[in-house]
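The values are calculated or read from the model by the stated rules, or taken from the named source; none is laboratory data. Treat the numbers as computed from the prediction; the structure is a model and nothing was measured. Neighbour counts run over all protein chains shown; Cβ positions are idealised from the backbone, glycine included. All accessible areas refer to the heavy atoms of the entire protein, side chains included, with ligands and DNA or RNA removed. Shrake-Rupley method; radii C 1.70, N 1.55, O 1.52, S 1.80 Å.
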Amino acid sequence: MENAIIRDKLLAIGEYMAAGLYETPERSLFFRKARALRRYYENCPLFEYNGELLYPLGKTPFDISIYPHYKDGFKLVMPKFEDEEPELFECIKADFQKYSSILPPKHCVAGNMFTHSMPNYERILAEGLVSYGERVKKIEDDEMREGLLDLLDGIFTYIDRCVEYLESKNADECLITALKKVPKYPAENIYEAILSWNFAMYLDNCDNLGALARCIAPYWNGEDIVPLLANLYDNLDENDGYSMSLDCSNPDLAEMCLEAARGKRRPMIEFFVDEDTPDRLWKKAFEIIRSGGGQPAFYNPHILLDGLRARFPEIRDEDIKKFCGGGCTEAMIMGLSNVGSVDAGINLPLVLEETIGKYLETSATFDEFYEQYIKESKRIVKILTAGINHNREVRAKYNPLPMRTLLVDDCIDRGVEFNNFGARYSWSVFNFGGLVNALDSLLAIRTLVYDQKKYTAEEFIRLLEEGSDEFVSELKGLELCHGKDIPEVNEFANKLSGELFSLLDNEKQYKGMGFLPASILFRAQAAAGANVGATPDGRRDREPLADSLAAIFGKDTDGPTALLGSVTSFRLDKALGVPVVNFNIQPDFSDDVLKSLIMGYMKKGGAQLQLTCMSKETLLDAYAHPENYNNLIVRVGGFSEYFNRLEDPIKKVVIDRTVQSAK
């Protein structure tokens, strides 16, 4: 089908963004995507205004099949479009979906070349988007320069459309006046700053909020901005956005940022705390935790920020302060990063299952078997890193992202597209999924096959496959396991995690800075476990994997100090991608006890802790009577979610966590 015919057909059915892709078929992919975005902003439906403080607002009103998306530049809503316009669907797919991952799905635990990011909000507030045009005009590449100028024209048209609409609705004059100014021009007060931040968030498809409090501080003069922040948070939540980071550089603003999160699902607040955190911020954080929502999570600046600087010395001092875990938790720096998040995830229990089948019967000692496991893991890591590098190279060629090229530094000033490594910093987060299952399984093999010699390797494999209740109960009841803070176990956990994470040390990244280990599962426990047979930790065939770095359910019964002590035995200083710990706590916790628990954990090297404040009775009742709990929010694994929205296996994961006490 000829391009002009495709364009006319798309225009006829109101798919203006898709039609824009075919206006200039002789131009580059970058320019064509930029033109498509311009047509979208010239024609897209506007948000309905009902007196709110910010605009745009609420859920983006997509009534088309092709619309902007941060991952691929645009999203093709396949069922609708494929069924109604199959010929057009095939044309667009062939022309613009040339990039796909080659990674094996069984080793894409919690991610497969997924790239979160966030704009340089701070620069937009300080300079305004009109000034971006002057920088864009200096780009030597004609296609990039003209494409970005086209995109800016579309954005400015969209801003004008919003103003005209608000005037027609007799909106608040302060809102109209401010929107005539920002984000085109620099913000001068706190209202303009948050309005501009909100607008930029929508341009980037509401992915992440970044280092909000730190960057709006210059515009704040003591005003109560909790309602503005709550409105901003709601807008992110409505569009399934993710995180923001929060430090204590301005305690008054930090307190308001926490208060605005009361009872909310999003953003997931990454709250950096240490011995200098004011008592009133601890008190406010605990208040918000009790309100439900799983906010905030607690982060250790000394492990994460100092560790990231040590790993990548090229990170500037002023930049590291704008750290924000993109998506759920993945380490990046606001407005300056293109981070693979998560690019791939080795399924460690699956590798162990295959190692048992190949080598257990022929390994004379546990050390010999263990070395085979590390070798097999190294082999898979090399396959995955090679696949990531291939994917990144192909993505740079076939998946340009004009919006992120515009909003993320240093793409404009380098004249290099975002996916072609124009951003200042670029690394890959590589997930080591199921580390706790691998640890407990290796300990079980060492204990029962080699130390006690209770079973031969052949007998052990047979019993594992048969999965009798008696054998599974024996495996689950072994004393040497993660979660009890046993020195012998901790020593082995340190060795295992250190050797696994170090497999990335010498792996080179295509045009990037390197690979960062992580150990995170988000809501991937069930999907990852579905690829794995029964494991020697007592997990049955195809059951979910353990919950990130927390203990296997039922093994963390020695209290929260023992659990967190076990977690710090892992090489968390290497897992900068980051390592996730989910922690359910009874609502009657003592502030002083919980603070001491968190600070003790971090002084021992803990990197991050996520809390769900909910009794098991409440969770069980919500599972049995979902109609009574429409607003119940739980922390899942890097993010919070309404309990009723979770898949059944993940609901059971949340319910099965041990609810700790801190009284």
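Element breakdown for the chain at a 1.4 angstrom probe: carbon and sulfur atoms account for 47% of the accessible area. Using Cα centres only, tell me the gap between region 482-543 and region 1-79 in whole Å. Distance between centres, Cα-based: 41 Å.
Across region 93-184, the mean sequence separation of Cα contacts (distance under 8 Å, 6 or more residues apart), normalised by length, yields a relative contact order of 28 percent. Of the residues ASP317, ASP648, ranked by 1.4 Å probe accessible area with the largest first, the sequence reads ASP317, ASP648.
Between region 629-654 and region 319-378, what's the alpha-carbon centroid distance in Å? Here the answer is 25 Å between Cα centres. The trypsin sites (Lys or Arg not before Pro) of region 386-492 meeting both criteria, a DSSP state outside H, G, I, E and B (loop) and at most 13 other C-beta atoms within 10 angstrom of the site's C-beta, are LYS453, LYS454. Distances between placed amide hydrogens fall under 5 Å for GLY210 paired with SER245, all partners being 5 or more residues away or on another chain. Angle of helix 86-96 to the longest C-alpha principal axis of the chain, folded into 0 to 90 degrees and rounded to 10: 80°. The 1.4 Å probe gives accessible areas that order HIS390, HIS116, largest first, as HIS390, HIS116.
Here the simple spin-label model places points 7 Å from the Cα toward Cβ, and for VAL226 and THR557 these points are separated by 4.3 nm.
Rounded to the nearest 10 degrees, the inclination of helix 226-238 to the longest alpha-carbon principal axis of the chain is 80 degrees. Estimated purely from DSSP H runs of n ≥ 4, each contributing -39500 (n - 2.57), the mean residue ellipticity at 222 nm for the chain is -14000 deg cm²/dmol once divided by its residues.
Seen from PRO218, the other residues with C-beta closer than 11 Å to its C-beta sum to a net charge of -1, counting Lys and Arg as +1 and Asp and Glu as -1.
For the set GLU238, GLU84, GLU259, solvent exposure ranked by accessible area (probe 1.4 Å, protein chains only) runs largest to smallest as GLU84, GLU238, GLU259. Determine, at each q value in 0.14 (inverse angstroms), the log₁₀ of I(q)/I(0) that the Debye formula gives when each Cα of region 483-541 is one equal point scatterer. Log-scaled intensity ratios, in q order: -0.66.
Within the shell defined by Cβ-Cβ distances under 14 Å, the residues around GLU459 carry a net charge of -3, with Lys and Arg each +1 and Asp and Glu each -1.
Here the contact order of region 504-663, divided by its residue count and restricted to Cα pairs under 8 Å and six or more residues apart, works out to 26 percent.
Within the shell of other residues whose beta carbon sits under 12 angstrom from the beta carbon of PRO61, the net charge comes to -2, with Lys and Arg scored +1 and Asp and Glu -1. Taking the DSSP bridge list for the chain and keeping only pairs wholly inside it, about 30 percent are antiparallel.
When only Cα pairs below 8 angstrom with a gap of at least 6 residues are kept, the chain shows a relative contact order of 15 percent.
Compute the long axis of helix 435-445 from its Cα atoms, compare it with the longest principal axis of the Cα atoms of the chain, and write down the angle in degrees, 0 to 90, nearest 10. The answer is roughly 10 degrees.
What the chain shows is 36 Å² of accessible area per residue, with the surface traced by a 1.4 Å probe over protein heavy atoms.
Counting only Cβ charges, +1 for Lys and Arg and -1 for Asp and Glu, the dipole size of region 105-175 around its Cα centre is about 460 debye. Show me the trypsin sites (Lys or Arg not before Pro) within region 143-179 that DSSP assigns to loop and that have at most 16 other Cβ atoms within 10 Å of their Cβ. Sites meeting the loop and neighbour criteria: LYS169.
Size of the chain: Rg and Dmax of its alpha carbons, in Å, are 25.5, 81.
Restriction of the GluC sites (Glu not before Pro) in region 262-352 to DSSP coil positions whose beta-carbon has at most 16 other beta-carbons within 10 angstrom yields GLU275, GLU314.
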